[in-house]
1. Mind listing whichever residues of region 192-238 are in a loop (DSSP other than H, G, I, E, B), among the aliphatic types (A, V, I, L, M) and crowded, with 19+ Cβ neighbours inside 10 Å?
2. Out of region 288-303, which residues are touching a strand residue (DSSP E or B) at 6+ places or on another chain (Cβ under 6 Å) and either more than 23 Å from L270 (Cβ to Cβ) or modelled with pLDDT under 95 (or both)?
3. Go through region 225-253 and give me each residue that's in contact (Cβ under 8 Å) with a residue 12 or more places away in the chain and among the charged types (D, E, K, R).
4. Can you pull out every residue in region 239-260 that is buried (at least 17 other Cβ atoms within 10 Å of the Cβ) and hydrophobic (A, V, I, L, M, F, W, C)?
5. Could you tell me which residue of region 261-275 is surrounded by the most Cβ atoms within 10 Å (Cβ to Cβ), considering only residues that are under 26 Å from the mean Cα position of the chain (by Cα) and polar (S, T, N, Q)?
6. For region 184-191, indicate whether the set of residues that are part of a loop (DSSP other than H, G, I, E, B), touching a residue at least 12 places away in the same chain (Cβ under 8 Å), closer than 30 Å to W261 by Cα and of a type in the set (D, E, K, R) is non-empty.
7. Please go through region 1-50 and pick out each residue that is of a type outside the set (A, V, I, L, M), part of a helix (DSSP H, G or I) and touching a residue at least 60 places away in the same chain (Cβ under 8 Å).
Amino acid sequence: MDRLQRIYKLHRVISARRHPVPRTTLEQELECSRATVKRIILEMKLYFGAPVEYDRERNGYYYDLKPGETFELPGLWFTAEELYALLTTQLLLEQAQPGLLDSHFKPIKDRIEKLLAFGQLGSGEIVRRVRILRMAGRNNSGEHFQTVAGALLQRKRLAIRYHSRSDNTETQREISPQRLTHYRDNWYLDAWCHQRNALRSFAVDRLREAKALEKSARDIPDKELDAHFTSSYGIFAGKPRHTAVLHFTSARARWVAEEQWHPQQRGRMLKGGSYELRIPYSDPRELTMDILKHGTEVEVLAPQALREEVASQLQRASEQYLKRKVKE
């Protein structure tokens, strides 16, 4: 039993008794020595302001409270491991999206750090020892994130002005938010678009305006959301229409065989140590980019259209390097 657990148990024992509790009883309940009981009582007074007093006549400890008063320890109680896990989670989100929920996390973070400091555990090591490297994450001030998250959880519709990168246009929409997704260091909002009368995904960093409405959001069943947003490869939604068959060299197989590209992928090791990976997809754009990053270590076997697209991209890249020499 650690120090925090003993403090909590001592509090329960004293609170549950109508009369002062003898020290010997506390020693038995807390499974510790006389000196430890005294130290715990002192720490309760110093760190938590507990009104613990000793009654000499009745030879016991009690809470010195006025009629009608009660005393409770801080409501946040975890083991040291749980406290570390909470702070680490907070750090992960903080580093993944700086400043996103600072105002909401600060009160609970302060309380956790006080408890860790009391237990001589400290939270400074977490900041020093854990880091997140953001790759390809887009700058996002979080200006509209809280509005979006609030409407999502309260099941309210949103009025948004959205800028699309693909065609550089802005549109006004009324949407019913369904899910927030953090994907490749960026946030996306899956929603029902009332203008298009269909499910759509919006990059949160492309929101120019976002206002919660008093209208109730339309709820889409989870099964329908999964079928639309997660059945195909990557962030592009829709039911899969093709299956990519990729052949990786033995040198790259050691890594790819342990990676998850898609929940419904199928892979198998081949003779000689190479690896075959089958992936369902609808839109080839993101899949093509991920294939190209493996360079000559992968070959697209099927479908033919995807094979030709990857080959065309590689050929254009090669021609670009061959036609222009860079001065050293």
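The values are calculated or read from the model by the stated rules, or taken from the named source; none is laboratory data. Given the structure is predicted, the values throughout are model-derived calculations rather than measurements. Counting neighbours? That spans all protein chains shown, and the Cβs are built from the backbone with ideal geometry, glycine included.
1. A217, A237
2. none
3. K239, R241, R252 - these are the residues of region 225-253 that are in contact (Cβ under 8 Å) with a residue 12 or more places away in the chain and among the charged types (D, E, K, R).
4. A244, V245, L246, F248, A253, V256
5. The residue in question is Q265.
6. Yes: region 184-191 contains one or more residues that are part of a loop (DSSP other than H, G, I, E, B), touching a residue at least 12 places away in the same chain (Cβ under 8 Å), closer than 30 Å to W261 by Cα and of a type in the set (D, E, K, R).
7. The answer is R3, Q5, Y8, H11, E43, Y47.
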